[in-house]
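Only one structure is covered here, and it is reproduced in the block below.
Rule-based calculations on the coordinates, nothing more; no lab input. As the structure is a computational prediction, the values presented were derived from the model and not from experiment. All Cβ positions, glycine included, derive from the backbone under ideal geometry; neighbour counts span all protein chains shown.
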Amino acid sequence: KNEVEQSPQNLTAQEGEFITINCSYSVGISALHWLQQHPGGGIVSLFMLSSGKKKHGRLIATINIQEKHSSLHITASHPRDSAVYICAANYGGSQGNLIFGKGTKLSVKP
Amino acid sequence: EPEVTQTPSHQVTQMGQEVILRCVPISNHLYFYWYRQILGQKVEFLVSFYNNEISEKSEIFDDQFSVERPDGSNFTLKIRSTKLEDSAMYFCASIETVLSGNTIYFGEGSWLTVV
């Protein structure tokens, strides 16, 4: 069964800390997405990856196809980064046909 | 920044009633999606829609659900004979094309409470 597992489930950090959120998935994905869900519920797409690494501002996403693992890193974390970060995998089919992880709730303290 | 808009933001309905959730995708987008998130649980894919027809649907998307694009701009999710377990946040999303690298744009969601 195609699954997406995330860790940790909850993460508390001090402002300025480097943060890593991990995601593992089953074999055979065509793309992996990192999403941010705001406290109000809205979802924003951060990255879509099929290989290698992508960077946007203080966010970095990496994927290791052989190990079926992806990480989301946040450098110099800030309280406004507090949100739920969700990993989601496309196992084929339409790009939006995704299997979602349970999310990692990040809280960054000032 | 383009956005996907959803209405209503919150709806309370009696069990057994029909509900229509509305979405306005980004204007030049071609692929449309609905997802569901039950409170405290993960987001689940419901259905994808392209070229005025369903292209894929999950096991959740049974005969109780239907989607349509009635007027070329709105994209609706209809839930017939609602049950308590249909209470959830429903997200609409759209993508311009399915070429590699295209961003999925999500709406802010519609909270459905069935009482």
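Along the axis of the charge dipole computed for chain A (Cβ charges of +1 for Lys and Arg, -1 for Asp and Glu, origin at the Cα centre), the listed residues A:Thr12, A:Ser51, A:Gly101 are led at the positive end by A:Ser51. By DSSP, the beta bridges lying fully in chain B are antiparallel in about 90 percent of cases.
Placing unit charges on the Cβ atoms only, positive for Lys and Arg and negative for Asp and Glu, gives the protein assembly as shown a dipole magnitude near 520 debye about its Cα centre. Rg/Rh for chain B (Cα atoms only, Rh after Kirkwood) is 0.95. Listed values for the stretch B:66-74 are Karplus-derived 3J(HN,Hα) couplings in whole Hz (6.51 cos²θ - 1.76 cosθ + 1.60, θ = phi - 60°), namely 8, 10, 7, 10, x, 9, x, 10, 6, and x replaces Gly and Pro.
Could you sort out which of A:Lys1/B:Lys42; A:Lys53/B:Lys57; A:Lys53/A:Lys105 sit more than 20 Å apart by Cα distance in this structure? Present the calculation step by step, with values, prior to reporting the outcome.
Values: A:Lys1/B:Lys42 16 Å; A:Lys53/B:Lys57 31 Å; A:Lys53/A:Lys105 23 Å.
Violating the 20 Å Cα-Cα cut-off are A:Lys53/B:Lys57; A:Lys53/A:Lys105.
Near A:Ala76, once Lys and Arg are set to +1 and Asp and Glu to -1 for all other residues with Cβ below 10 Å from its Cβ, the sum equals -2.
Evaluating 6.51 cos²θ - 1.76 cosθ + 1.60 at θ = phi - 60° for every residue in the stretch A:92-106, the Karplus couplings come out as x, x, 4, 4, x, 7, 10, 9, 9, x, 6, x, 10, 8, 9 Hz, glycine and proline recorded as x.
Considering all projection directions equally, how large on average is the shadow of the alpha-carbon convex hull of chain A, in square nanometres? Working shown, then result.
Details: hull surface 25.9 nm².
Hull-based average projected area comes out at 6.5 nm².
Neighbours of A:Lys102, meaning other residues whose beta-carbon lies under 13 angstrom from its beta-carbon, give a summed charge of -1 when Lys and Arg score +1 and Asp and Glu score -1. Based on alpha carbons, the Rg and Dmax found for the protein assembly as shown are 17.4, 50 Å. For A:Gly93, what is the net charge nearby, where nearby means another residue's Cβ is under 11 Å from its Cβ and Lys, Arg count +1, Asp, Glu -1? Spelling it out: positives minus negatives among the neighbours equals 0.
Computed over chain B, relative contact order equals 38 percent, with contacts defined as Cα pairs under 8 Å that lie 6+ residues apart.
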